[in-house]
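> Got a structure for you, questions after.
The values are calculated or read from the model by the stated rules, or taken from the named source; none is laboratory data. The structure displayed is predicted, hence computed values, not measured ones. No Cβ is skipped: glycine too gets one built from the backbone with ideal geometry, and neighbour counts run over all protein chains shown.
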Amino acid sequence: MDLHILDHRLRVTSISKNGLVNYTHPLIKLIFLRNRTRCKFFSLTETPENYTVVLDEEGFKELQPSEHLQVEGSIWLPLNVVSNGNVSSSSQAVGVTKIAKSVIAPLAEQHVSVFMLSTYQTDFILVREKDLAVVVSTLKEEFNIFREVAGESVPEHGQDAHNGLHKNGKEAIQCTVHPVLIPQNQFCVMSLDPETLPSIATTLIDVLFYSNSPKEDVTPAAAPVQELDRIKFPADLLFTSSSGELWRMVRIGGQPLGFDECGIVAQISRPLADSDISAYYISTFSFDHALVSRGSPHLPLLRGGDALVVGVPSS
């Protein structure tokens, strides 16, 4: 398989709920008027606490500093896995499950923090730019690694990071317990061809910025099933799975998780990968979220303790 380091340098930001009005104009520009901006990577996730916005340096210029904007200090690089010339996919397990053992677990063993963004088509694994040498050294035996430069894929050999690698990942760990919340909502995961975006622009603007309806337990990149009729998206413009599969959300964290802790994604994704269970994973500025198939037999097990024990390297 191939691992591609995409040609984007990303910032991870948060906009407070009461500060959204100050950023409506730049967000509409970034989402709907792509020809008016040089931004090439943009992600907006709404949670009950805030809006997480991940975007490249050109897009970041559109967000003016204010008390309502928080910015994580690192530069992040997006990676994705390509198999046989296509973005990794399968008729069976999808999402973070496909890369749990080959990417997520090895990086966790090397104490590399990741920020995950699952989408309908692929999964983006964001790593800090300063960790890239360790990432390449860790994954080079499993993957052919390429860096995208001006639209071309160039082999990435990386710098020698041998001194930065932990021997077999066998260091003492301490256990951190994170609360887990599983809302009752059920969700659909959908995709839209960018060329048809103007057809539903007013609907999306209403949902994102002007809807006064309650949004209890809103999850990233998905719409609650009970609200689909109200939203009225044209069915012929949306891509969904042929099975019409519904998803449940597992939210990780009682207090904001921060960005330095590693191993959280691995602890969620590895057991699901062992059981070949599909899962999408979406990190946000404050918490992590996994979408697991409603029919998964493991969901009740996650519900049982209302807590997740995560192995984290000791400092």
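> Can you tell me which of (1) farther than 24 Å from T196 by Cβ; (2) in contact with a helix residue (DSSP H, G or I) (Cβ under 8 Å, 6 or more places away or on another chain); (3) of a type in the set (A, V, I, L, M) is the one L55 doesn't meet?
Only one criterion is unmet by L55, namely (1).
> Among the residues of the range 68-85, is there at least one that is free of Cβ contacts under 8 Å to residues at least 60 places away in the same chain, more than 30 Å from E152 (Cα to Cα), touching a Gly at 6+ places or on another chain (Cβ under 9 Å) and not hydroxyl-bearing (S, T, Y)?
Yes: one or more hits.
> Name the single residue that is modelled with the highest pLDDT among those in the range 272-297 being loosely packed, with under 15 Cβ neighbours inside 10 Å and not acidic (D, E).
That would be S275.
> Sticking with this structure for a sec: Which residues, counting only those in the range 236-249, are out of contact with any His (no Cβ under 7 Å at 6 or more places or on another chain) and at pLDDT 70 or above? Write out each step before concluding.
Taking the range 236-249 as the starting set, the residues that turn out to be out of contact with any His (no Cβ under 7 Å at 6 or more places or on another chain) are 236-248.
Matches in the range 236-249: D236, L237, L238, F239, T240, E245, L246, W247, R248.
> May I pose another question? Would you check which residues across the range 9-21 are surrounded by fewer than 21 Cβ atoms within 10 Å (Cβ to Cβ) and out of contact with any helix residue (DSSP H, G or I) (no Cβ under 6 Å at 6 or more places or on another chain) and list them?
T13, S16, K17, N18, G19, L20, V21
> Related question: If T24 satisfies all but one of (1) surrounded by fewer than 21 Cβ atoms within 10 Å (Cβ to Cβ); (2) modelled with pLDDT under 95; (3) of a type in the set (S, T, N, Q); (4) in contact with a strand residue (DSSP E or B) (Cβ under 7 Å, 6 or more places away or on another chain), what's the number of the condition it fails?
Condition not satisfied by T24: (4).
> Restricting to the range 97-124, give me the number of residues that are acidic (D, E) and closer than 15 Å to L77 by Cα. Break it down into steps so the answer makes sense when it comes.
Of all residues in the range 97-124, those acidic (D, E) come to 109, 123.
Next, only the ones that are closer than 15 Å to L77 by Cα stay: 123.
Within the range 97-124, residues that are acidic (D, E) and closer than 15 Å to L77 by Cα number 1.
> Can you tell me which residue among F60, F41 is within 30 Å of P155 (Cα to Cα) and touching an Asp or Glu at 6+ places or on another chain (Cβ under 7 Å)?
Just a single option satisfies the conditions, and that option is F41.
> Please work out which one of (1) surrounded by fewer than 16 Cβ atoms within 10 Å (Cβ to Cβ); (2) at pLDDT 95 or above is the condition F32 fails and give its number.
Going through (1) surrounded by fewer than 16 Cβ atoms within 10 Å (Cβ to Cβ); (2) at pLDDT 95 or above one by one, F32 breaks only (2).
> Q121 versus (1) assigned to a strand (DSSP E or B); (2) surrounded by fewer than 21 Cβ atoms within 10 Å (Cβ to Cβ): which is the lone unmet condition?
(1)
> Here's a follow-up. Look at E46 and say whether it is among the acidic types (D, E) and closer than 23 Å to S191 by Cα.
Numbers: among the acidic types (D, E): yes; closer than 23 Å to S191 by Cα: yes.
Criteria met by E46.
> Right, another one. Please go through the range 191-214 and give me each residue that is out of contact with any strand residue (DSSP E or B) (no Cβ under 8 Å at 6 or more places or on another chain), small (G, A, S) and at pLDDT 85 or above, ordered by number.
Passing the criteria: S199, A201.
> Determine if the range 160-178 includes at least one residue that is surrounded by 11 or more Cβ atoms within 10 Å (Cβ to Cβ), more than 22 Å from the chain's Cα centre (by Cα) and either at pLDDT 85 or above or within 30 Å of R34 (Cα to Cα) (or both).
Checked the range 160-178: no residue is surrounded by 11 or more Cβ atoms within 10 Å (Cβ to Cβ), more than 22 Å from the chain's Cα centre (by Cα) and either at pLDDT 85 or above or within 30 Å of R34 (Cα to Cα) (or both).
> I'm told T219 meets every condition in (1) touching a His at 6+ places or on another chain (Cβ under 7 Å); (2) at pLDDT 85 or above except one. Can you identify the failing condition by its number?
Failed condition: (2).
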